[in-house]
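The values are calculated or read from the model by the stated rules, or taken from the named source; none is laboratory data. The structure presented is a predicted model; accordingly, all values stated were derived computationally and were not measured. Cβ placement follows ideal geometry from the backbone for every residue including glycine, while neighbour counts extend to all protein chains displayed. Note: accessible area is taken over every heavy atom of the protein model, side chains too, but ligands, DNA and RNA are not part of it. Shrake-Rupley method; radii C 1.70, N 1.55, O 1.52, S 1.80 Å.
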Amino acid sequence: MAEFFFFLAAIGAVGGAAGTVMLRDAFYSVLALVTHLIFLAMLFLLLRAEFVAAAQVIVYAGAVMVLYVFVVGYVGGLEAGLAGRSGPALRVISVLFAAALFVELTIALVGTGLEAINTEGAGYRAPFGEPSEVGRLFLTDYLVAFEVASLLLLVAAVGAVILARRRSGLGDANEISVTDFLKRDELTKGQGETGEMIEAGGPRGI
Amino acid sequence: MDLIWYLIVSALIFCIGAGGVLTRRNPLVVLLCLELMLNAANLALVAFARAHGDMGGQIFALMVMVVAACEVAVGLGLVVAIYRRRLPIDVDELRELQG
């Protein structure tokens, strides 16, 4: 039974990955990635990683993918030329590179001296992979990593807001430096001024 | 199932993602392919955690998910900024930072 679920999840995950790369429309790529993530969560469940699987579905397939869908919807129907891929020569070289990488990794995996990967895994005690054990480890052994992760999330959130903020007019459309932005104390100015919405125009005629 | 199968699936997904990063020109899809590569690494980490019966790999996978979420937030912010500055949304055209 485990074999059936493994192959189902593996085929789904690889198919979702292939769809992400090959579909022309960015929106369908996002949907293919959601499929991939859900099947990957199934693989995590088969590996007794219940909390990672749940976090995968909730954080990734839920929150992050919603962000992607919003940005794809905002940036809009990308022009036909843009949705395509690079020139044929580069494409062939890239596919060859990816195939060579896969062959190399497979040789490395099959030829490795690691005994454990040819088994179903070591024995594990009861709370393995459960939220209680994850929480205990995060607050004891991996406390520093946990705190650094919270700081990293804060920095990323501030960075995303500064990068994607609404500019007040065309005059400073070329300004992207954070220090310039802070000097002009735009943060305290509020939303009173209605500028020209340069984002309404869409990309320059491509 | 032997764990080597999980690792081979992980390698396959990683290579698909790497090929996508190299071939696609839309930065949104490049970010999606980066997600694929990170998820392949996650699968390998969880498989090794299972092999050793040690939770450290799963904790590492969760940290990778945190870093991936940060990367997505900043990357999508950049895409929106590029769009608002009316630059072409194409990684082949955005080459001003090249030396």
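A few points about this structure:
- Take the accessible area of A alone and of B alone, subtract that of the pair with a 1.4 Å probe, and the total buried over both chains is about 7800 Å².
- Solvent-accessible ranking of B:ARG86, B:ARG24, A:ARG165, largest area first, probe 1.4 Å: B:ARG86, A:ARG165, B:ARG24
- 3J(HN,Hα) along the range A:106-113: 5, 4, 5, 6, 6, x, 6, x Hz, from the Karplus curve 6.51 cos²θ - 1.76 cosθ + 1.60 with θ = phi - 60°, whole Hz, x for Gly and Pro.
- Computed over Cα pairs, the Kirkwood radius of chain B leads via Stokes-Einstein (0.692 mPa s, 37 °C) to a diffusion coefficient of 218 µm² per second.
- Evaluating 6.51 cos²θ - 1.76 cosθ + 1.60 at θ = phi - 60° for every residue in the range A:42-58, the Karplus couplings come out as 5, 4, 4, 4, 5, 8, 6, 10, 5, 5, 5, 5, 5, 5, 4, 5, 6 Hz, glycine and proline recorded as x.
- Compactness of the range A:1-109 - radius of gyration and Dmax, Cα, Å: 16.4, 46
- Solvent-accessible area of B:HIS52 with every protein chain in place, 1.4 Å probe, in Å² to the nearest 10: 130 Å²
- List B:MET55, A:MET1, ordered by accessible area with a 1.4 Å probe, largest first: A:MET1, B:MET55
- Sparse-neighbour loop sites [GluC sites (Glu not before Pro); the range A:1-80; at most 16 other C-beta within 10 Å; DSSP]: A:GLU79
- Where A:PHE102, A:PHE146, A:PHE138, B:PHE60 fall by accessible area, highest first, once all protein chains stay in place (1.4 Å): B:PHE60, A:PHE146, A:PHE102, A:PHE138
- Residues in chain B average 34 Å² of solvent-accessible surface per residue, probe 1.4 Å, ligands and nucleic acids excluded.
- Given charges at beta-carbon only (K, R positive; D, E negative), |dipole| of the range B:18-99 in Debye: 200 debye
- Between the listed residues B:ILE13, B:ILE89, B:MET63, the Cα displaced farthest toward the positive end of the dipole of the range B:8-99, a dipole computed from Cβ unit charges relative to the Cα centre, is found at B:ILE89.
- Applying the criteria of a DSSP loop state and at most 16 other Cβ atoms within 10 Å to the GluC sites (Glu not before Pro) of the range B:57-99 yields B:GLU93, B:GLU96.
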